[in-house]
Protein chains: 2
Amino acid sequence: MGGAGRRWPALLFFPMEVLRPEEMTLAVFGPGLLGGSLLLEARRLGFGRLRAWARREESVRELLSGGYADEASVSVAEVARGADLVVLCTPVEAMAGLAGEMVGVLSGSRVVVTDVGSVKGKVMEEVGPVLGAGGVSFVGSHPMAGSEKGGLGAARLGLYDGAACIVTPGGASEESVAVVRVFWERMGCEVTEMGAGEHDRTVARISHLPHVAAVVATLAALRGDPGAGRYAAGGLRDTTRVAGGDPAMWRGILLGNAEAVVPALRDLVAETTRLMEMVETGDGSGLESMLREAKALRRTRYPD
Amino acid sequence: MGGAGRRWPALLFFPMEVLRPEEMTLAVFGPGLLGGSLLLEARRLGFGRLRAWARREESVRELLSGGYADEASVSVAEVARGADLVVLCTPVEAMAGLAGEMVGVLSGSRVVVTDVGSVKGKVMEEVGPVLGAGGVSFVGSHPMAGSEKGGLGAARLGLYDGAACIVTPGGASEESVAVVRVFWERMGCEVTEMGAGEHDRTVARISHLPHVAAVVATLAALRGDPGAGRYAAGGLRDTTRVAGGDPAMWRGILLGNAEAVVPALRDLVAETTRLMEMVETGDGSGLESMLREAKALRRTRYPD
């Protein structure tokens, strides 16, 4: 990804009018790794005004002293009022509550609200109607960026560079969807639109399932004798890396996407059982063909 | 690991005598990633003579033209004759056959034979007696170094730097074990001795199990829709990385260590099933406690 393609254009085209980004106010709710990195990129892209909401006063002070935002507060209404684009970056479970607190001050404005949640069915169902009741536009987003290291301290420029971002329009207007698309493109993402259900089934496979695989591999590898880890090479380290992620956040993600996660995990159990039985019965050719299939499938995404 | 601690000492002390490494002949059988990297390190450390055996003439030419070895051949006897230290770097299944071909020319010499195989019970049982019948010393070794990229082309200096190496003495003399220990230490490894059974149970957990976890995660994630991989971020990439390993090699490793691998995989299935049921029943506190336990266990080996 070169930097050139990511520059904020002079004008952000809306179908009905033209807005200048330097006149826009961006409000980020819950600035951890994802929200903090958004603020850093938005500053670089020349956004007019950056606002941030955090749950704790201590985080508000960090946002201001670190120069992440021009204004920050624990008051939802203060941060939301007059914003042109609102991005919800809290855990998914907190989003509907925030939406309820902000819908009053947003109502009647041209604001578009989006989010960064890892599940979309639940968010579209819970957040969309709350905002919709006040005539406020909501478009779901899921930028596939992140790290097992969370928090504002881990925020950085470039986090979104080249990341896939899935946008779920729900019932939002074309104009609102266009604003959200352009926003993520300027953040460096490759944007795809799909329905919330398709999104959830997709990420259950390519994100939530690998997370669970890392967690259960860690438990089965190390619970009996944690000290054995000292002999491990890069295989254990990489296979289990994402098991270092935030337990509370992942509890929310897995439960929030249970409907799609359970069938994916059922397949994971079935594959593991099948491979185990091949080892047990000494079925070398069956085993090698499973190993070959996995290698080939992985290559479709990661050629080397 | 600094380079200073890894320099070959002026003298290699044997209990009964003193040998100068520059007078020693090292013979490597099967120079892929591990064997090739050994040859590179041995050259750097000033070994007197480097020999290599490969199954194919084409590999022999590559060994000579690339300067990996001073002498190379497809003849086992030619490469083995007069060697002071022999390292078997072929797949485990090929080792007993090679041992049988070399025992005649090695018999009566002070040579020590070792290997780099990922399973030790099978190797100690199959290779040890073949060499022992000719009075030739065998000590098992498993340096925990490697990569999903194999082959001589991937060989490099530093591969063993800081890697754990488990040495399984079996019935070998203290002198032979000392030679092998010192050899691996000079290669940059941290050496531990243990019995072959303990070795196999340990690596079933910390190496073979993560490998299987990566394979089954790849299959369950991508088989239904390989194209979905395009949306994946670093989680899928790292969790599945080792599934890119050589299928034939891993078939041999998993079957060769079936006795220890099967119970480890049974635990993997049990953990996955337990987590899946928590997601299915919405047991948030059980789920979060599993995620917390995995994160804490992983930290015992990888603090950040």
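Results, tabulated for the structure shown:
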| quantity | calculated |
| --- | --- |
| For the range A:4-193: rounded, prolate or oblate by the Cα gyration tensor [a/c cutoff 1.5] | rounded |
| Free-standing Cys residues across chain A, given no other cysteine C-beta under 4.7 angstrom | A:CYS89 |
| Inter-copy separations for B:GLY284, label at 7 Å along Cα-Cβ, nm, ascending | 5.2 |
| Inter-chain Cβ neighbour average for residues A:193-206, partner chain, 10 Å | 3 |
| Residue order, fewest to most surrounding Cβ atoms within 10 angstrom, among B:ASP267, A:ASP200 | B:ASP267, A:ASP200 |
| Least to most buried among B:GLU293, B:GLU277, B:GLU271, B:GLU23 (fewest other Cβ within 10 Å first) | B:GLU23, B:GLU277, B:GLU293, B:GLU271 |
| Which of B:LYS120, A:LYS122 has the fewest Cβ neighbours within 10 Å, and the rest in rising order | A:LYS122, B:LYS120 |
| Whole-Å semi-axes of the ellipsoid equivalent to the range A:109-263 (Cα gyration tensor, √5λ, descending) | 34, 17, 13 |
| For chain A, calculated [θ]222 nm from helices alone, where every DSSP H run of n ≥ 4 adds -39500 (n - 2.57) | -14500 deg cm²/dmol |
| Residue-count net charge about A:VAL139 - beta-carbon cut-off 11 Å; Lys, Arg +1, Asp, Glu -1 | -2 |
| Cβ neighbours within 10 Å from other chains - mean over B:131-141 | 0 |
| Most mobile listed residue (A:LEU219, A:LEU209, A:LEU64) in chain A, GNM with C-alpha springs under 10 Å | A:LEU219 |
| Cut-off 15 Å between beta-carbons: net charge of the residues surrounding A:ARG205, Lys and Arg +1, Asp and Glu -1 | +2 |
| Proximal charge balance of A:LEU98 [Cβ under 12 Å; K/R count +1, D/E count -1] | -3 |
| DSSP-defined antiparallel bridges as percent of all bridges, the protein assembly as shown, nearest 5 | 20 |
| Label spacing, shortest first and in nm, from A:SER65 to its equivalents in the remaining copies (7 angstrom along Cα→Cβ) | 6.4 |
| Nearest-first distances (nm) between copies at B:PRO303, label 7 Å from Cα via Cβ | 4.0 |
| Per-residue HN-Hα couplings for the range B:194-202 [Karplus 6.51, -1.76, 1.60; θ = phi - 60°; Hz; x = Gly/Pro] | 7, x, 4, x, 5, 3, 5, 5, 5 |
| Convex hull (Cα only) mean projected area of the range A:205-298, reported in nm² to one decimal | 7.2 |
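FYI, it's all coordinate maths here, none of it is from the lab. A quick note: this is a predicted structure, and the numbers were derived from the prediction, not measured. We place every Cβ from the backbone using ideal geometry, glycine too, and count neighbours over all the protein chains shown.
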